[in-house]
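Visitor: A single structure is presented below for examination.
The values are calculated or read from the model by the stated rules, or taken from the named source; none is laboratory data. Keep in mind it's a predicted model, so treat the numbers as computed, not measured. Here Cβ is always computed from backbone atoms with ideal geometry, including for glycine, and neighbour counts include all displayed protein chains. These area figures cover heavy atoms from the full protein model, side chains too; ligands, DNA and RNA do not enter into them. Shrake-Rupley method; radii C 1.70, N 1.55, O 1.52, S 1.80 Å.
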Amino acid sequence: MTMIFDFDVLPPEAKNKLLHSTIVPRPIAWVTSLDADGVRNMAPFSFFNVFSADPAILGFGVGGSVFGGRKDTAANIRARKDFVVHLVSHSNRAAMNLTAAELPSDIDEIELAGLTAVPSERVSAPRIAECDVAMECVLHSEVPLSQERSLFLGRVVVMHLADKMIEDVERYYVDTPALDLIARMHGRGWYARTTDLYRMDRPIPEEVMRSIRTEAAPDAPPTEDE
């Protein structure tokens, strides 16, 4: 038996709870941006992922602000057309959590969290020195989802990756487990750590097809001796 939830009639809070509790773990985009006057902002977003490698496109959803209207990140991206997405390591979990608080626009979350902002190579938004992965992005497009919510798609123009996380620079091999990233889970404040790993090799198409043909083949006719 399964419960059926009709999303066309559910209230927003119910849909939010169901989606947050089942679509897990979700990677976290820790986004820095600048407003039109150069005021810095940093905030985490867990409705986030990568959607294309060439062009390199990532995206994250931004909802409404508790102060009314859109969040600062949305306004800043519209004003500057760029932003930086950082991935969150376990060592940065407390700072990330602090920047999740919705604060007035004149508060600098980077300074509040004790982080070090450094200039980016190609975009106006700063990157954070304490993060092992930072992706400078220019706005590709904004997809309005509702009056208060939008999906922002960014094209990655520069990636910063800590030297200690690179296994083979010529072959672009990254020591992914060493990044020790965290992901958003369910409810209020639950997170997961990417340390419980296992491997499954992708099936080889020829072997899968051979197995299908073998299973589908009729039994061989008996020989005269049988």
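Visitor: Determine the calculated [θ] at 222 nm for the chain from helices alone, applying -39500 (n - 2.57) to every DSSP H run no shorter than 4 residues and normalising by the residue count; nearest 500 deg cm²/dmol.
Guide: Working: 6 runs with 47 residues, N = 226.
Taking each H run of at least 4 residues, the total per residue is -5500 deg cm²/dmol.
Visitor: Leaving ligands and nucleic acids out of the surface, order ARG202, ARG80 by accessible area at 1.4 Å, largest first.
Guide: Per-residue accessible area, sorted high to low, gives ARG202, ARG80.
Visitor: Once both axes come from the Cα atoms, what is the angle between helix 205-216 and the longest principal axis of the chain, in degrees from 0 to 90, rounded to 10?
Guide: Taking the Cα atoms of the chain, the angle to 205-216 is about 40 degrees.
Visitor: Could you please state how large a percent of the accessible area of the chain is carbon and sulfur, counting protein chains only and using a 1.4 Å probe? Intermediate results must be reported in sequence, preceding the final value.
Guide: On the way: 8110 of 14890 Å².
Roughly 54 percent of what the probe reaches on the chain is carbon or sulfur.
Visitor: Determine, from the Cβ-Cβ distance of ASP201 and ILE107 and an R0 of 45 Å, the FRET efficiency 1/(1 + (r/R0)^6), rounded to the nearest 0.05.
Guide: Details: r = 48 Å, r/R0 = 1.07.
So, using R0 = 45 Å, E works out to roughly 0.40.
Visitor: Using 7 Å Cα-to-Cβ label points, what is the ARG122/VAL9 separation (nm, one decimal)?
Guide: Modelled inter-label distance: 5.0 nm.
Visitor: Here's another thing I want to ask about it. Less than 15 Å apart at the alpha-carbon level, and either on another chain or at least 8 residues along: which aspartates and glutamates does that give for LYS164?
Guide: Those aspartates and glutamates meeting the cut-off are GLU130, ASP132, ASP175, ASP180.
Visitor: Here's a follow-up. On average, how much accessible surface per residue is there in the chain, in Å², for a 1.4 Å probe, leaving out ligands, DNA and RNA? Could you put the intermediate results ahead of the total?
Guide: Details: 14890 Å² over 226 residues.
Per residue, the chain has 66 Å² of solvent-accessible surface.
Visitor: Report, largest value first, the span of the C-alpha coordinates of the chain along each principal axis, in whole Å.
Guide: 91, 53, 31
Visitor: Another question, if that's okay. Going Cα to Cα from LYS15, which aspartates and glutamates come in below 12 Å? Please leave out same-chain ones fewer than 8 positions away.
Guide: ASP6
Visitor: How long are the semi-axes of the equivalent ellipsoid of segment 29-145, defined as square roots of 5 times the Cα gyration tensor eigenvalues? Whole Å, largest first.
Guide: On the way: eigenvalues 71, 62, 41 Å².
They are 19, 18, 14 Å, listed from largest to smallest.
Visitor: Okay, next question. Please give the Cα centre distance for segment 131-150 versus segment 1-71, rounded to the nearest Å.
Guide: Centre-to-centre (Cα) distance: 10 Å.
Visitor: Sticking with this structure for a sec: Identify all lysines with a Cα-Cα distance to LYS71 below 19 Å; exclude those on the same chain that are fewer than 8 residues away in sequence.
Guide: List returned: LYS81.
Visitor: Continuing with this model, one more query. Assuming R0 = 25 Å, can you tell me the calculated FRET efficiency for the pair ALA178 and ALA94, based on Cβ-Cβ distance, to the nearest 0.05? Kindly include the intermediate steps, with their values, before the conclusion.
Guide: Values: r = 20 Å, r/R0 = 0.80.
FRET efficiency, ALA178 to ALA94: 0.80.
Visitor: Note down the nm distance, to one decimal, between modelled labels 7 Å out along Cα→Cβ at GLN147 and at GLU215.
Guide: 5.2
Visitor: Compute the distance in nm between two label points, each set 7 Å from the Cα along the Cα-to-Cβ direction, one at ASP163 and one at VAL50.
Guide: Going from the ASP163 label point to the VAL50 one covers 2.3 nm.
Visitor: Could you tell me the accessible area of ARG93 in Å² (1.4 Å probe, neighbours in place), rounded to the nearest ten?
Guide: Roughly 110 Å² of ARG93 is accessible to a 1.4 Å probe.
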